[in-house]
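**Q** Below you'll find the structure I mean.
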Amino acid sequence: MTEYKLNLGHLYGDLMNTYGDYGNYLALKYYAEQIGVKINYKLISLHDPFKADDYDILLFGGGQDYEEEVVAKDLPQKSGEIKKYIENNGSLLAVCAGFQLLGSTIQFADGKTIEGIGVMPHKTVNLNSPKLTDRMRGKRLIGNIVIKNNENGETYHGFENHQGRTFLGKGEKALGTIVSGNGNNGDDKTEGVIYKNVYGTYFHGPILTRNGNLAKRILATALKKRYPEIDWTKKLSQIPTETF
Ligand code: GLN
C-alpha cells in the first residue's frame, strides 16, 4: 500500500506559539491520520536553514512584540525561500504576529516600526495610528470573534488578542467578513487574508481545532499539490468535521 506523507514546517514554533497555536499542527495531523496520511513535523527556528522545496505545509504562529522582533531579525536569511514557497503555491497558515510578518511593515505598541518579509503587501500600524477611527484607537482588540468567508460560505470562530492593526493591500482578499468582533483593524470589517494558498488570520483558538472545515481545506490543498491523482477533498468530506 502506498504511504502518503506531507512535510510540515513550523516556522519559529518555539518562539511563536501564543494561546496554543501548536494545536494547528495537531488538528492537521488528526484529520490526516484518518485518511491514511502521515505528517512529518519539523521545527524551523532561529539560524536553522530553510529550503522551500522540502515542505508541503508551513505554520507560522503568533507572538508578542518582543518575540516578533527577535524573529524579524532572523527572517531575512529565510525570506527568499519563504517567498519562493508562497509564489510556488505552497500552503501556509500564519497567525497574528506570523501574519503581520509576511507583510511589509509592522508598528509595535511602543511606536517602533520594523520590516516584515514583504512577500505580501499588507501593512500593520499600531493601536494609536491616525489611520484608525476614534472608536478603535487606543485599545487592544481582545475577545471572541466570528467571521464569514463570502466565497465558500463557511463560518469561522476564534479568539483575538492584538494591538497591531492590519490593512490589506493590492491582490489580497480577506479570509472573512466580520460577523462579531474586530479582526484586522476594527474599522473595515475584514479579518485575515487569503493570497494564493496562504491563509493569514488573527484567530487563536487554535483556529484549526475550532474550525475543522478550514483544517480540511488546507490539508486538501497541500495533498492535491503533492498527489494530484487523488480526490482529497472527497476523502476528507467522508470523515466528520470537528469543532472543539
Ligand atoms: N505583537 C502583535 C500584536 O499585538 C501580535 C500579537 C499576537 O500574536 N497575539 O499586534
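**Q** For the subset of segment 62-82 comprising residues that are under 19 Å from residue 120 (Cβ atoms) and among the acidic types (Asp, Glu), which member is farthest from the ligand (Cβ to nearest atom)?
**A** So the residue we want is 81.
**Q** I would also like to ask the following. Given 158, 171, which one is touching a residue at least 40 places away in the same chain (Cβ under 8 Å) and in a loop (DSSP other than H, G, I, E, B)? Break it down into steps so the answer makes sense when it comes.
**A** Working: 158 fails: in a loop (DSSP other than H, G, I, E, B).
Residue meeting the stated conditions: 171.
**Q** Okay, next question. I need the full set of residues from segment 174-195 which are surrounded by 18 or more Cβ atoms within 10 Å (Cβ to Cβ) and either in a loop (DSSP other than H, G, I, E, B) or within 13 Å of the ligand (Cβ to nearest atom) (or both), in order please. Outline the logic, then answer.
**A** So the first thing to find is which residues in segment 174-195 are surrounded by 18 or more Cβ atoms within 10 Å (Cβ to Cβ), and the list is 174-176, 178, 181-186, 190-193, 195.
Selection gives 174, 175, 181, 182, 183, 184, 185, 186, 192.
**Q** Collect the residues in segment 143-174 that are touching a His at 6+ places or on another chain (Cβ under 8 Å) and under 23 Å from residue 102 (Cβ atoms), keeping them in residue-number order.
**A** Initially, segment 143-174 is screened for residues touching a His at 6+ places or on another chain (Cβ under 8 Å), giving 144-146, 158-161, 166-169, 172.
Answer for segment 143-174, where residues must be touching a His at 6+ places or on another chain (Cβ under 8 Å) and under 23 Å from residue 102 (Cβ atoms): 145, 158, 159, 160, 161, 166, 167, 168, 169, 172.
**Q** Look at segment 7-57 and say how many of its residues are charged (D, E, K, R), assigned to a loop (DSSP other than H, G, I, E, B) and surrounded by 14 or more Cβ atoms within 10 Å (Cβ to Cβ). Before the answer, list the steps.
**A** Residues of segment 7-57 charged (D, E, K, R): 14, 21, 29, 33, 38, 42, 48, 51, 53-54, 56.
If we keep only those that are assigned to a loop (DSSP other than H, G, I, E, B) too, we end up with 14, 21, 48, 51, 56.
The next check asks that each one be surrounded by 14 or more Cβ atoms within 10 Å (Cβ to Cβ); those that pass are 21, 48, 56.
Selection size over segment 7-57: 3.
**Q** Right, something else. List every residue pair whose Cβ atoms sit under 9 Å apart, with the two residues 6 or more apart in sequence or on different chains, where the first one lies in segment 13-25 and is farther than 14 Å from residue 58 by Cα and at pLDDT 95 or above and the second, anywhere, is outside any helix (DSSP H, G or I) and within 13 Å of the ligand (Cβ to nearest atom).
**A** 15/61; 15/63
**Q** Then there's this: Those residues that are of a type in the set (S, T, N, Q), more than 19 Å from residue 130 (Cβ to Cβ) and within 17 Å of the chain's Cα centre (by Cα), I need them from segment 156-189; list them, please.
**A** If we filter segment 156-189 for residues that are of a type in the set (S, T, N, Q), which is where we start, we get 161, 163, 166, 177, 180, 182, 184-185.
Subsequent filtering for residues that are more than 19 Å from residue 130 (Cβ to Cβ) retains 161, 177, 180.
Within segment 156-189, 161, 177 qualify.
**Q** On the basis of being more than 10 Å from the ligand (Cβ to nearest atom), at pLDDT 95 or above and within 16 Å of residue 193 (Cα to Cα), does residue 87 make the cut? Break it down into steps so the answer makes sense when it comes.
**A** On the way: more than 10 Å from the ligand (Cβ to nearest atom): yes; at pLDDT 95 or above: yes; within 16 Å of residue 193 (Cα to Cα): yes.
Considered against the rule, which asks whether it is more than 10 Å from the ligand (Cβ to nearest atom), at pLDDT 95 or above and within 16 Å of residue 193 (Cα to Cα), residue 87 comes out as yes.
**Q** Could you list, in sequence order, all residues of segment 215-244 that are acidic (Asp, Glu) and at pLDDT 95 or above?
**A** Within segment 215-244, the first condition is being acidic (Asp, Glu), and the residues that meet it are 229, 231, 242.
229, 231 - these are the residues of segment 215-244 that are acidic (Asp, Glu) and at pLDDT 95 or above.
**Q** Being at positive phi and in a strand (DSSP E or B) is true for just one of 200, 143. Which residue is that?
**A** Details: 200 fails: at positive phi.
None of the others qualify; the one that does is 143.
**Q** Sort through 59, 28 and tell me the only one that's within 16 Å of the ligand (Cβ to nearest atom), in contact with a helix residue (DSSP H, G or I) (Cβ under 7 Å, 6 or more places away or on another chain), under 21 Å from residue 175 (Cβ atoms) and of a type in the set (A, V, I, L, M, F, W, C). First the steps, then the outcome.
**A** On the way: 28 fails: within 16 Å of the ligand (Cβ to nearest atom).
Within the list 59, 28, the selection yields 59.
**Q** Here are the criteria: (1) out of contact with any helix residue (DSSP H, G or I) (no Cβ under 7 Å at 6 or more places or on another chain); (2) away from the ligand (no atom under 16 Å from the Cβ); (3) of a type in the set (A, V, I, L, M, F, W, C). Tell me which single one residue 232 does not satisfy.
**A** (1)
**Q** Sticking with this one: Restricting to segment 92-129, name every residue that is outside any loop (DSSP other than H, G, I, E, B), under 30 Å from residue 215 (Cβ atoms) and either away from the ligand (no atom under 11 Å from the Cβ) or without any contact (Cβ under 8 Å) to a residue 24 or more places away in the chain (or both).
**A** Initially, segment 92-129 is screened for residues outside any loop (DSSP other than H, G, I, E, B), giving 92-95, 97-102, 105-107, 113-115, 123-125.
From the residues that got through so far, the ones that are under 30 Å from residue 215 (Cβ atoms) too are 92-95, 97-102, 106, 123-124.
Of everything in segment 92-129, those that are outside any loop (DSSP other than H, G, I, E, B), under 30 Å from residue 215 (Cβ atoms) and either away from the ligand (no atom under 11 Å from the Cβ) or without any contact (Cβ under 8 Å) to a residue 24 or more places away in the chain (or both) turn out to be 92, 93, 102, 123.
**Q** What tally of residues in segment 80-91 results from selecting those that are buried (at least 21 other Cβ atoms within 10 Å of the Cβ) and assigned to a loop (DSSP other than H, G, I, E, B)?
**A** Qualifying residue count, segment 80-91: 1.
The values are calculated or read from the model by the stated rules, or taken from the named source; none is laboratory data. Just so we're clear, the structure is a prediction, and the values are computed from it rather than from any experiment. Positions of Cβ are generated from backbone atoms using ideal geometry, with glycine treated the same way; all protein chains shown enter the neighbour counts.
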